[in-house]
Amino acid sequence: MSEAEFGRGTRARLHIVTGKGGTGKTTAATALALALAAEGGRVLLVEVEGRQGIAGLLGRPPLPPEERELIALPGGGRVCVLAADAEAALLEYLAMFYGMGRAGRALTRLGVVDFATTVAPGLRDVLLTGKATEAARRRAGDRRGTGGASAAFHYDAVVMDAPPTGRIGPFLNVNSEVAGLARVGPVRSHADKVMDVIRSERTLVHFVTLLEEMPVQECKDGIAEIEGLGLHAGSVFVNMVRPPLLGEDDLATAADGGFDGAALVPGLAAAGLADVPGLAAALSGEVRSHALRAGLERRTREDLAAVGRPVVDLPYVEGGVAWPALERLADALKRQGTVR
Amino acid sequence: MSAESGPARLDVDAIIDDPRTRIVVCCGAGGVGKTTTSAALGLRAAERGRHAVVITVDPARRLAQSLGLESLDGTPRPVPLPEGARGTMHAMMLDMKRTFDEVIEEHADPERARQILDNPFYKTLSTGFSGTQEYMAMEKLGQLRRSGDWDLIVVDTPPSRSALDFLDAPKRLGRFLDGKLITFLSAPAGKGAFRMLGSGFGLVASVIGKLVGARFLDDLRSFVSAFDTVFGGFQQRAEQTYRLLQEPGTAFVVVAAPDTDALREASYFTDRLAADSMPLAGLVVNRVHPLPDGGRLSAQEAERAAEALSDGEDHALAAAALRLHAERVRLRARERRLCGKALSAHPGLPVAEVAALAEDVHDIDGLRSIGTALAGPVRA
């Protein structure tokens with residue numbers, strides 16, 4: 001990708017957020033979009049799986065397949081959201097490049113969309129990734145991204161809430177999927193252009209994980225796969241991080257089972273609680289599982305450090321993530337230098 | 001979910017012990033522990049006397065290792081069970097492309113089969129993820145069922161909302177291959193059905209050619225005409241499997257975790273199964289955080305007591321334990337609220353809860369303890 005087409009500098013313009021299912025990709029992607037917009041820029045957040053996860057997170061009704069400005073930050077920053085949809089993208093693409101409004105609708109009636117999703121999943125993926133890459137390249141006052149290279153970018157950054165790690169390689173490597181089918185023609189050159197953006201150093205693939213063995217393993221495998229494809233891995237976002245409630249020594253003792261609750265008895269008695277022995281026994285069980293969990297988190301964190309990517313923590317939010325918590329998560333990302 | 005007001009308990013043992021139960025399908029969002037649930041159900045069934053096979057789509061090596069196997073592949077491998085097991089267990093991973101190849105080879109003569117297998121469209125179709133995986137999981141299920149080698153098949157479905165797309169497979173394949181697109185593509189330009197569709201389609205044909213090259217249309221035409229010959233058998237099989245799933249010998253288990261997204265997906269699956277008259281056995285909620293039996297202290301009481309202790313250094317450990325307890329009580333209250341909300345739309349749906357483990361499952365013992373929890377009582 002030439003500088004003229006995708007801008008100068010080293011700051012990433014397209015952020016692709018993946019991770020094992022259930023790790024909080026949508027939350028992390030939304031927090032990242034907010035963090036990127038915090039300095040006053042315009043950021044597009046793109047969803048590609050048709051789950052309406054961003055709408056759910058923001059407490060909004062389902063979003064249409066078009067770019068909508070949903071969040072205006074106090075510092076002038078704006079976050080637009082696009083719930084990308086392969087069918088809408090295909091029709092828009094045909095209308096934009098071929099003026100095929102009517103014929104495009106005819107294609108839908110003919111089952112071209114069924115075709116795209118059933119027989120050629122690669123075409124579907126290129127349409128969805130194409131929406132994000134087109135937005136990342138778009139210049140002011142231009143929908144095609146082919147305008148003058150001197151014009152400012154329409155979006156300062158684009159964040160994609162991408163498919164899970166198990167599917168991310170084939171999803172991003174659209175070229176190899178499409179190449180076997182469309183050897184020439186505009187779809188092929190569209191795929192080539194999409195791939196240029198995805199391969200650019202200014203596109204980063206971030207991985208969301210929890211401090212558990214399977215998500216960490218998938219994260220490591222995913223980074224290896226992405227780098228093997230010649231793409232650029234960004235940060236590892238560790239989601240739902242809780243500060244340990246006990247000191248190192250106490251954690252070690254509790255994890256080894258060398259803690260039977262007797263140590264709690266004087267304290268619980270001093271607090272004037274009833275049924276101190278029963279309570280001490282119950283609480284010691286909770287302390288032990290907390291300690292075991294802390295040990296697992298320590299081990300998996302060491303495992304992650306060995307990957308050599310920046311590791312960024314997103315704090316655990318009690319009671320589920322909603323608007324005020326999203327701002328806190330965005331602050332955490334800013335503090336840790338994710339958006340520099 | 002107290003015993004008085006809570007939902008009905010999902011009686012896992014009654015399902016897996018009943019010899020009439022031949023298929024258990026686990027579905028749910030990604031990351032909720034579906035694969036582990038499937039393996040734990042298969043193991044419990046085997047230890048209680050069934051001849052079970054578990055088919056998973058998850059390539060995670062950890063599952064294979066926890067079953068005492070090096071890795072899983074497209075052939076059912078015997079799982080070494082500890083002494084005392086009354087039945088047997090096999091495990092396998094879905095090999096999507098191989099399963100698809102076998103279907104083609106079975107339904108087409110060798111010449112046609114080769115034409116199909118070499119076509120670039122077939123290559124994308126058989127390795128692409130969307131739809132094919134779900135469909136092939138069902139094809140494999142049908143094969144295993146017909147083989148008669150096992151009396152219980154546990155299926156772990158792909159981790160996506162499209163996991164139930166296989167229910168549409170007969171209809172979707174039909175719509176696609178009998179559809180106008182195919183008629184249009186297989187007919188020479190300007191003739192027959194093509195003309196009947198009205199003006200403007202000549203333009204479409206030429207535009208498709210322009211968009212992707214003429215070779216694309218040639219490949220697609222030859223794929224469609226070759227595939228057409230195997231299609232009848234294909235659709236018939238999909239319909240058979242669909243009907244097999246509706247029989248009382250099948251039990252669908254929807255798996256979730258106690259968070260908003262996973263429970264929303266669970267609700268979606270529940271509705272979807274009901275719409276297709278599929279036999280839904282119940283809901284498994286993994287990774288819940290039940291409170292300990294002793295010492296019922298509310299979150300406020302625990303916080304207040306921790307506050308009272310935080311002045312001195314002497315009772316730091318007790319104060320930390322109380323704060324931890326307060327957090328657990330609030331977490332549990334939230335879990336129960338979310339589950340209650342999800343279940344309010346599906347009254348009477350039986351539920352099994354599995355407590356979160358402090359550490360990951362590494363071996364048969366770990367899987368067995370999950371099975372025990374699945375069959376155990378719902379806790380506070």
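Within region A:41-73, take every residue that is in contact (Cβ under 8 Å) with a residue 40 or more places away in the chain and of a type in the set (Asp, Glu) and give me the one that is farthest from the other protein chains (Cβ to nearest Cβ).
Among them, the one singled out is A:Glu67.
Show the residue pairs that are 6+ apart or on different chains and have beta-carbon atoms under 6 Å apart, the first residue being within region B:15-40 and outside any loop (DSSP other than H, G, I, E, B), the second being of a type in the set (S, T, N, Q).
Close Cβ pairs satisfying both conditions: B:Ile15/B:Thr21; B:Ile23/B:Thr250; B:Cys26/B:Thr37; B:Cys26/B:Ser38; B:Cys27/B:Thr157; B:Thr35/B:Thr56.
Does B:Thr127 fit the bill of being among the β-branched types (Val, Ile, Thr) and farther than 30 Å from B:Arg368 by Cβ?
yes
Filter region B:117-144 down to the residues that are open to solvent by 50 Å² or more (accessible area, probe 1.4 Å) and either part of a helix (DSSP H, G or I) or away from chain A (no Cβ under 14 Å) (or both) and list them by number.
Answer for region B:117-144, where residues must be open to solvent by 50 Å² or more (accessible area, probe 1.4 Å) and either part of a helix (DSSP H, G or I) or away from chain A (no Cβ under 14 Å) (or both): B:Asp118, B:Lys123, B:Thr127.
Quick one: is A:Glu225 open to solvent by 30 Å² or more (accessible area, probe 1.4 Å), touching an Asp or Glu at 6+ places or on another chain (Cβ under 7 Å) and not assigned by TED's automatic domain parsing to the domain that holds A:Leu296?
Here the answer is no, as A:Glu225 does not meet what is asked.
Is it the case, given these coordinates, that A:Asp161 is at pLDDT 90 or above and of a type in the set (Asp, Glu)?
It is true that A:Asp161 is at pLDDT 90 or above and of a type in the set (Asp, Glu).
Consider region B:88-111. How many of its residues are of a type outside the set (A, V, I, L, M, F, W, C) and in a loop (DSSP other than H, G, I, E, B)?
2
Could you list, in sequence order, the residues of region B:55-75 that are closer than 19 Å to B:Gln133 by Cα, buried (at least 20 other Cβ atoms within 10 Å of the Cβ) and of a type outside the set (A, V, I, L, M, F, W, C)?
B:Thr56, B:Asp58
Restricting the search to region B:357-377, which residues are open to solvent by 40 Å² or more (accessible area, probe 1.4 Å) and of a type in the set (A, V, I, L, M)?
B:Leu357
Could you pull out the residue among A:Leu273, A:Leu245, A:Leu283 that is open to solvent by less than 30 Å² (accessible area, probe 1.4 Å) and among the hydrophobic types (A, V, I, L, M, F, W, C)?
Answer to the selection: A:Leu283.
Here is a list of conditions, (1) over 26 Å from B:Ala352 (Cβ atoms); (2) facing another protein chain (nearest Cβ under 8 Å); (3) surrounded by 23 or more Cβ atoms within 10 Å (Cβ to Cβ), and B:Ala262 meets all of them except one; can you say which number that is?
For B:Ala262, the exception is condition (1).
How about region A:261-339: which helices (runs of 4 or more DSSP H) wholly inside it have at least 3 residues that are among the basic types (Lys, Arg) and outside the structural domain of A:Val238 (by TED's automatic domain parsing)?
A:276-305
Taking region A:127-158, which residues are farther than 19 Å from A:Asn175 by Cβ, open to solvent by 20 Å² or more (accessible area, probe 1.4 Å) and modelled with pLDDT of 80 or more?
A:Ala140, A:Ala151, A:Ala152, A:Phe153, A:His154, A:Asp156
Of the conditions (1) within 20 Å of the chain's Cα centre (by Cα); (2) more than 14 Å from chain B (Cβ to nearest Cβ), A:Glu218 satisfies every one except a single condition; which number is it?
(2)
Given A:Glu49, A:Glu69, A:Glu92, A:Glu39, which one is in a helix (DSSP H, G or I) and either modelled with pLDDT under 95 or surrounded by fewer than 19 Cβ atoms within 10 Å (Cβ to Cβ) (or both)?
Just one listed residue meets the conditions, A:Glu92.
Mind counting the residues in region A:72-87 that are over 18 Å from A:Ala35 (Cα atoms) and open to solvent by 30 Å² or more (accessible area, probe 1.4 Å)?
Count: 2.
Would you check if there is a residue in region A:272-284 being within 27 Å of A:Asp249 (Cα to Cα), touching a residue at least 24 places away in the same chain (Cβ under 8 Å) and either out of contact with any Pro (no Cβ under 9 Å at 6 or more places or on another chain) or small (Gly, Ala, Ser) (or both)?
yes
Among the residues of region A:190-232, which ones are assigned to a helix (DSSP H, G or I) and β-branched (Val, Ile, Thr)?
If the condition is that a residue be assigned to a helix (DSSP H, G or I) and β-branched (Val, Ile, Thr), then A:Val194, A:Val197, A:Ile198, A:Val216, A:Ile223, A:Ile226 are the ones that fit.
So if I check each of B:Arg114, B:Arg44, which one is part of a helix (DSSP H, G or I) and more than 22 Å from the chain's Cα centre (by Cα)?
B:Arg114
Go through (1) part of a helix (DSSP H, G or I); (2) at pLDDT 80 or above; (3) open to solvent by 40 Å² or more (accessible area, probe 1.4 Å) and name the single condition A:Ser176 misses.
With respect to (1) part of a helix (DSSP H, G or I); (2) at pLDDT 80 or above; (3) open to solvent by 40 Å² or more (accessible area, probe 1.4 Å), A:Ser176 is out only on (2).
Among the residues of region B:145-163, how many are modelled with pLDDT of 85 or more and open to solvent by less than 10 Å² (accessible area, probe 1.4 Å)?
The number of residues fulfilling the criteria is 5.
Report whether or not B:Asp276 is open to solvent by 50 Å² or more (accessible area, probe 1.4 Å) and at pLDDT below 95.
Answer is no for this residue.
Answer yes if at least one residue in region A:292-303 is aliphatic (A, V, I, L, M), surrounded by 21 or more Cβ atoms within 10 Å (Cβ to Cβ) and within 9 Å of another protein chain (Cβ to nearest Cβ), and no otherwise.
No: zero hits.
One residue is enough: does region B:295-306 have a residue meeting the conditions within 14 Å of chain A (Cβ to nearest Cβ), open to solvent by 20 Å² or more (accessible area, probe 1.4 Å) and among the basic types (Lys, Arg)?
Yes, region B:295-306 contains a residue that is within 14 Å of chain A (Cβ to nearest Cβ), open to solvent by 20 Å² or more (accessible area, probe 1.4 Å) and among the basic types (Lys, Arg).
The values are calculated or read from the model by the stated rules, or taken from the named source; none is laboratory data. Only a predicted model underlies this, so the values are computations on that prediction, with no experimental measurement involved. We place every Cβ from the backbone using ideal geometry, glycine too, and count neighbours over all the protein chains shown. Quick note on the areas: whole protein, heavy atoms, side chains included, nothing else; ligands and nucleic acids left out. Shrake-Rupley method; radii C 1.70, N 1.55, O 1.52, S 1.80 Å.
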